[in-house]
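Right, one structure below, let's go through it.
The values are calculated or read from the model by the stated rules, or taken from the named source; none is laboratory data. Quick caveat, the model's predicted, so the values are computed rather than measured. All Cβ positions, even for glycine, are placed from backbone atoms using ideal geometry, and neighbour counts span all protein chains on display.
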Amino acid sequence: MTAVLDVSAISKAYGSDRILSDLSFSVEPGEHLLLLGPSGSGKSTLINLVTGLLTPDSGEIRIGGEAMTGIDGAARDDLRRRRVGIIFQTLRLVSALSIRNNLRMAQQLGSGRTDDAAIDQLLDILGIAHRADAKPRQLSHGQAQRAAIARALVGRPDLMVADEPTSALDDANAQRIAQLLIDTARAQGTTLLIATHDQRLRQFIPRSLDLATMAEAA
Amino acid sequence: MLKLAFAYMNDRRLVTGLNILLLALAVATLVILLLASTQLADRIQRNAEGIDLVVGAKGSPLQLILSSIYHMDQPTGNVPLESVQMLRRDPAVRQVVPLALGDNFRGYRIVGSEPAYLGLYNAELAEGKIFGGQGEVVLGADAARNLGAGLGQKFIGSHGLSDSEGAGEHDSHPFETVGILKPTGTVIDRLILTSIESVWDVHGIAHEEEDAHDHDHDAHGHHPDHETEAAASRHAGLFPEVTALLVRYRSAAGAVRLPSMINRQTDMQAAVPAVETARLLNLLGVGIDGARLFAWLLAAVGGLSIFVTLLNAASAREADLALLRVMGASRARVFGTVMVEGLVTAGIGGLVGIALGHATLAGAMGSFAALGEIGLQPWQMHPGELVILAVVLLIGLLAALIPAIRVFRIDLAATLAKAG
């Protein structure tokens, strides 16, 4: 079976500052992976490489068997659009659009069409159906994060990459968001790659990669 | 992406509205100047068409032209009745049309003249007959419509040339409407026409029958009552006079000889409409050019305001636009969103401005009698308005270009790192 994410011997440095060195791992369909490590350990750089926002100095990355490396920016944009969903820690939604319209736009950009029934179902699962017509600034922290999950999942990506999705939340909200993330990803058949220093997520996703330890080992 | 551009505009309605207003005010100013200057020039030239020379009392030649052709200013005075025959005898003259001015009805000037006056403007009767008998009048199309007058309607004229003068009414000599003219798009639409004799009668000036006409007076004989009135009015110092003479040449030789002859050898002055209107348009043109420059500066300020707004918005929205890119929007689509926003803001400003310009002109004409007298058509469109709209759209595009290019160059990873 083709791995959803296959990272092979990638390295990345900013000038003389080596961030990642000869890193390899893969994530199979239905599997989830935590990228652990403190700030500066290279989590964000790795996420940017996986999503094609940055290119590695060496090595190869494949998403669902398609190369994310060795191709131009437009091809990387296209692969990301088709196969990858991204959740950022604070940047969640387009500010001028309602939640429903954010999701419509995500669908439109991903597949060229919209499906209101799928949007309603996803908002319902995430418990924010009653806030569908609200603007992002009108949402609470927890609601906004759930809306961001909905936005990232609405295009049914093969791989969802999340950067610190729970770090700013209290225990109760962190637990609720983590559970929703796992449940909705499972329901959509999406693989999760979560970069975090939030150890509370370990109980939900047993497999992890500690970048700080790997850097020391290297 | 069009929806997104509208969503961003809607999201900050106040700023968008103010930008639109700023541009709309500039466009409205430009439209008013365009309509006023072109229609005024057109009307000035059309009204003077076919009149080669105006002869009247000495004074300002421009005032003579304004009062006799455009019916906008006070006349320079009166000239002797004999001058009509003097000019008609001149071989270089094809036609002389005398005018007697001095009264109005609710601001519409009552002009004493001959039926030939209608021929100068190719005016035709819509209904009724041409004036002839004492007190009979023919109304221009605008005058009839605005006064709500029909055939048979009687009214009393007031002394003076405008409604505001209020110099007394001639209640002993009512006028009666016997004809209404078709619209001509010239000054005659706003006039009340009657015979010169009727004007004299209203002012108590005794005269012989058809004094101003080129007829054999002896053939008519004199009525005893008229003899008595004539004696009384002459005793009071009132003689039959006319206000001005509209002259058409028979040959080009008239243009060379006649004005100088009149100016040097008589107590009258001769003013050439072509010369005076060119001078008038020149004077107006300087003012209009200055105002136009100011309006374009205003439009530039509007464009600058859109530029600043979009630049600020693009900076504030950098993370938003980066998110759009991550979601799969191409650079061109994100670039297009910003461009569309500039274009739509400018477009709405332009259209609102055009509507505002016409509405303001219509409102001003209703409120200021002087503007009404010029006879502008406030709702008439001018092709130049499309040029103004195109330039305003270009301003919108240029204003959006730099913010849009900035968006085009967003470093996604760096922007997302900042936002995260």
Among helices (runs of 4 or more DSSP H) entirely inside the stretch B:31-123, those with 3 or more residues being under 22 Å from residue B:249 (Cβ atoms), touching a residue at least 60 places away in the same chain (Cβ under 8 Å) and more than 22 Å from the chain's Cα centre (by Cα) are B:82-89
For residue A:47, only one of the following conditions fails: (1) assigned to a loop (DSSP other than H, G, I, E, B); (2) within 14 Å of chain B (Cβ to nearest Cβ); (3) of a type outside the set (S, T, N, Q). What is its number? (1)
Looking at (1) among the small types (Gly, Ala, Ser); (2) more than 24 Å from residue A:77 (Cβ to Cβ); (3) in contact with a strand residue (DSSP E or B) (Cβ under 8 Å, 6 or more places away or on another chain), find the lone condition where residue A:41 falls short. (3)
Need at least 3 residues that are surrounded by fewer than 21 Cβ atoms within 10 Å (Cβ to Cβ), more than 10 Å from chain B (Cβ to nearest Cβ) and without any contact (Cβ under 8 Å) to a residue 12 or more places away in the chain per element, so show me which helices (runs of 4 or more DSSP H) inside the stretch A:66-137 make the cut, counting only ones lying wholly within it. A:116-125
Residue under evaluation residue A:150, criteria (1) in contact with a strand residue (DSSP E or B) (Cβ under 9 Å, 6 or more places away or on another chain); (2) under 19 Å from residue A:175 (Cα atoms), criterion not met: (1)
Qualifying residue in the stretch B:47-63 (condition: of a type in the set (Asp, Glu) and within 14 Å of chain A (Cβ to nearest Cβ)): no
Looking for whichever is modelled with pLDDT under 90 and more than 21 Å from residue B:317 (Cβ to Cβ) here; the options are A:119, A:87, A:125. Which one fits? A:125
Kindly check whether there is at least one residue in the stretch B:271-291 that is away from every other protein chain (no Cβ under 14 Å), buried (at least 23 other Cβ atoms within 10 Å of the Cβ) and assigned to a helix (DSSP H, G or I). yes
Matching residues, the stretch B:2-16, being aliphatic (A, V, I, L, M), at the interface with chain A (Cβ under 9 Å from one of its Cβ atoms) and surrounded by fewer than 21 Cβ atoms within 10 Å (Cβ to Cβ): B:7
Being out of contact with any Lys or Arg (no Cβ under 7 Å at 6 or more places or on another chain), surrounded by fewer than 16 Cβ atoms within 10 Å (Cβ to Cβ) and in contact (Cβ under 8 Å) with a residue 24 or more places away in the chain narrows it down to one of B:348, B:395, B:402, B:388, so name that one. B:402
Go through the stretch B:256-270 and give me each residue that's surrounded by fewer than 15 Cβ atoms within 10 Å (Cβ to Cβ) and in contact (Cβ under 8 Å) with a residue 40 or more places away in the chain. B:257, B:267
Within the stretch B:110-125, can you find the residues that are polar (S, T, N, Q) and surrounded by 14 or more Cβ atoms within 10 Å (Cβ to Cβ)? B:113
